[in-house]
Amino acid sequence: MIRTAPTSQVPRAPRDVVLAVCVATALLLASGWLNWQAGHEVDAALQTLRTAQAMEAAVQRVLTLTTDAETGQRGFVITGDRRYLQPHDAALARIDAALQELQQLSADDAQAGPRVAALAAVALVKRDELRQTLALRREQGFKAARIAGATDLDLQTMAEMRGQVAALAALAAARTSAALATVQGQQRRAAAAGWATTALALAATLGLGVLATRNRRSAAQLAAQRERQRLYSVVDSMQAFVGVLAPDGTLIEVNDAPLRAAGLQRHEVIGRKFWDCWWWAYDPAVQQRQRQSFERACAGETLHFDETIRVRGEDGQDARAVIDYSLRPVFVDGVLTMLVPSAINITERVQAERALREIEKGTRERAEEMQALMAALPVAVFIARDPLCEEILGNPHSYQLLGMQEQTNVSASAPGDQPLRRPFQEFRDGRRLDRAELPMQRAAREAVDVNLEELSFVFADGEVKHVLGSARPLRDADGGVRGAIAAFVEITDFRRAQEQLRQRDLQLREADRRKDEFLATLSHELRNPLAPLRTGLQLLQQTTDPATATQVRKMMTRQLLHMVRLIDDLLDVSRITSGKVVLRLEPFSLRAAAELAIESARPLMEASRHTLVCEFPAEDLWVQGDLNRLAQVVGNLLTNAAKYTPPDPHGQGRIVLKLQAHGDQALISVSDNGLGIPPLLLDEVFGMFTQVDRTLDRAQGGLGIGLALVKTLVQMHGGTVIAASEGVGQGSVFTVTLPRLGTGAERAPHGPTPAVFGVAGACRVLVVDDNRDAADSLAALLAAAGHTTRMAYSGHGALAEARVFDPDWVLLDIGLPDLDGHEVAQALAADPRLCRGRRVAVSGWGSEADRERSQGAGFAHHLTKPVDPAVLLSLLAAAPR
Ligand code: ADP
């Protein structure tokens, strides 16, 4: 602050006073000493004077007394009157006393002593003389005494005595004069000293007065300064920043706090423009703000704002502090006299506030995250904030789970007479739970964790939701339970899936059982045709009767067809279930498919003497599909109708094949008046290996896969198939529904391939198969049809034969022992002499992959075993030599 003297300077006024007092005291002491000295000398002089006067008086007394004694002596001598002796004696006695006094006064007196002694001696002489005269008087009378007393000696003694008295008197007078002179001199000196002392005293008094006045003033100043100093101490010890600015912005005073904080000396900032001082000079923007606030304060405004200043950190590096800053102008009589900046360091407060804000922000964010989490969680979360769990609130999912409005209390322990209207009740293992048994209540009451308990919420409308839940007690700072929290995961779908899995498992077991039955059936069904075939063969070998042979051949053909159909179905099942069937889609009339199907089923229907009724609409029903596959579908249905309608010699078995349009759909229905199907099995019959009655004659039965194929193929065409029956013995109706094409669709070129047994042009055919019977029989068949044939039974044999024979067609089995069919085909294709012969794969393998592989090896066609002779002959006929 405003410092007029250094804080360490001793005040001047008290020192002056002390000096003045010292001088005055010294003067007074000097004056006193002089006075004492003078007094001492005066005392000595007076003592001398008194001694001289006493001595003079004693001397005079000795003389006088001697005279008195002499007078008394003379009186006695003259008169003899003894009365004269009394004065005489008295005088003598007093002379002794006077002489003793003189001796005392002159003791140690070099001048007076001898003279007193001389006087005493003379006096003694005189006394003797008197005594002798007196003695004469008394003894000898007057005369003698008068003579003795009238001697010269007596006169002489008296003269001497007088001389001694005079000398002593003179000595005493001289001493008296000297003493008087001394006293007078001392009196003059004393007077002078007195005046001088007085003058000094006056001067001292005056000086002291002046000094006292000055001192009084200095004391006031001193007090004020001390007061100010104390103020400085207080201000300097303050943590706050206080300063004083001149009206031009110059910093003229500042307390210690900001200097300490900045590690600055006072002179480094005093005298500078305030905004240029070190605290602000780290940032021009801050300086600018200071300058502007100064200007606003000069205009009379008191400013108050937070500011960031530069300080020195504990490590000596620059640091920042936040201050609560104010700048107040001070006007005296309307004139700006100074400005007072002040500030307190609020860094810790700001940091604390910032930390608090961070904590609040963090808390808010955590709460928001928690809220978002709660909202997003596909888990029901519940919380109770009271130890009895009387109020339980949940996240949105929990209310969805429970079918309750959000924010409502879902607690089963809610207080009050009226229980909450909860639309559900909790069960565990089929038993309704008391509220005390619920997980949250248990966790809170027993202060235990409840882990993964399964509950069921059973709703009023009968819906059941299964949940898996855990609960935890919530504790307060003292460890007491203050509530509970729980999370429930709905496992209804899981339980449902589990149930489905269980069902599926049952189904799989059932399917497995069916498969076993199927295999038994398959072997049975495959073996069935073999027996008549073998018998037929034997018959053919033995009989010579053409009629019998023809009948046997028909029987064998029928059995063979049945076997082929079984095997075709099996192959189809395999291909369809593995998703390898590709439909060759084309628009065609359903009538075409129906006719193809009738052709395939006719033998069986004829054998059973069933009546087939076809109800076709006048106009064609066009669909987009694979003609052969749909023909297969209808054929299967017709075959089933034939199989499951008992043969009747009177033709009572009646099968109706009906095509009809129904909106944009085309319907194919096959109905019969046969065995019918129990209602419960109407859907089941489309399952793989499902057969209603296994006790049925297997020859009429099948493998239980025909309807499964039908269903899959129809679905691949975007259609449906359903079975209907009035019950056992009531006949059945199978209806296929397919999307129908518009009437403008063009009919695809197709048509049932006519069986060609006549030969338009004979071909040279090489048949290759390691199964000699297969090769020979096929070659015989072709030869019977007019073609020229050769056989080979191995890959190399085929190549050798081909070079010699130069075939138009090579029918190649794929599974040959040396070179396989693909290798033979490739070798043939690579030989320019042989490459004109078209190659046909004849294989037991008929999947798409097998066909593609054959195509890749250069085969023109791929036929599956057993080869349909009609198909093969048509093929040869279509591309004769
Ligand atoms: P299958 O080879 O046994 O004929 P399908 O899959 O074709 O196999 O038929 C399954 C079962 O459906 C048959 O075993 C039979 O019990 C029953 N079924 C099919 N068609 C008819 C029908 N028209 N009348 C009565 N039962 C039928």
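What follows is calculated from the coordinates using simple rules that are stated; it is not laboratory data. Source: prediction; values computed, not measured. Counting neighbours? That spans all protein chains shown, and the Cβs are built from the backbone with ideal geometry, glycine included.
Quick notes on this structure:
- Extension gain, ARG146 back to ALA178 (0.36 nm per residue minus Cα-Cα distance, nm): 7.0 nm
- Exposure proxy for ASP283, ASP626, ASP315, ASP96: other Cβ atoms within 10 Å of each Cβ, ordered fewest to most, give ASP315, ASP283, ASP96, ASP626.
- Of all aspartates and glutamates in the structure, not one has an alpha carbon short of 12 Å from that of LYS143, not counting any fewer than 8 places away in one chain.
- Where the alpha-carbon atoms of the chain are placed on the principal axes, they occupy 261, 79, 67 Å, in descending order.
- In region 555-615, the trypsin sites (Lys or Arg not before Pro) that fall in loop regions by DSSP, at most 15 other Cβ within 10 Å: LYS580, ARG584, ARG609
- Percent of Cα pairs exceeding the 21 Å cut-off, where the set is region 25-131: 50
- Helix-only mean residue ellipticity at 222 nm for the chain, each DSSP H run of n ≥ 4 adding -39500 (n - 2.57), per residue, nearest 500: -18500 deg cm²/dmol
- The chain: relative contact order as a whole-number percent, Cα under 8 Å and 6+ apart: 6
- Among CYS614, CYS22, CYS277, a tally of other beta-carbon atoms within 10 Å of each Cβ gives an order, fewest to most, of CYS22, CYS614, CYS277.
- Taking chymotrypsin sites (Phe, Trp or Tyr not before Pro) in DSSP loop conformation with at most 15 other Cβ atoms inside 10 Å as exposed sites, the chain has its longest uninterrupted site-free stretch at 283-756.
- For region 430-555, alpha-carbon Rg over 2.2 N^0.38 Å: 2.52
- Translational diffusion of region 550-702, estimated by Stokes-Einstein from the Kirkwood radius over alpha carbon pairs at 10 °C in a medium of 1.306 mPa s, is 94 µm² per second.
- Neighbour-count ranking [beta-carbon atoms within 10 angstrom, fewest first] of THR550, THR66: THR550, THR66
- Gain in span if fully extended, GLU348 to ALA511, counting 0.36 nm per residue against the direct Cα distance: 50.7 nm
- For region 578-679, the relative contact order works out to 32 percent when only alpha carbon pairs closer than 8 Å and six or more residues apart are counted.
- DSSP-defined beta bridges in the chain - what % are antiparallel, rounded to 5: 80
- Rounded FRET efficiency, nearest 0.05, which uses the C-beta distance separating LEU231 from ASP333 and R0 of 25 Å: 0.55
- For region 604-644 versus region 532-557, the gap between their alpha-carbon centres in whole angstrom: 30
- Taking region 19-61 and a reference point 7 angstrom along Cα→Cβ of ALA196, the backbone N atoms nearer than 18 Å belong to 23-42.
- Projecting label points 7 angstrom from Cα along Cα→Cβ for ALA784 and ALA319 puts them 11.4 nm apart.
- All lysines inside 22 Å of LYS658 as judged from Cα atoms, apart from same-chain residues fewer than 8 positions distant: LYS643, LYS711
- Cα centroid of region 265-322 to Cα centroid of region 835-881, whole Å: 102
- Dividing the mean sequence gap of close Cα pairs (under 8 Å, 6+ apart) by how many residues region 154-293 holds gives a relative contact order of 11 percent.
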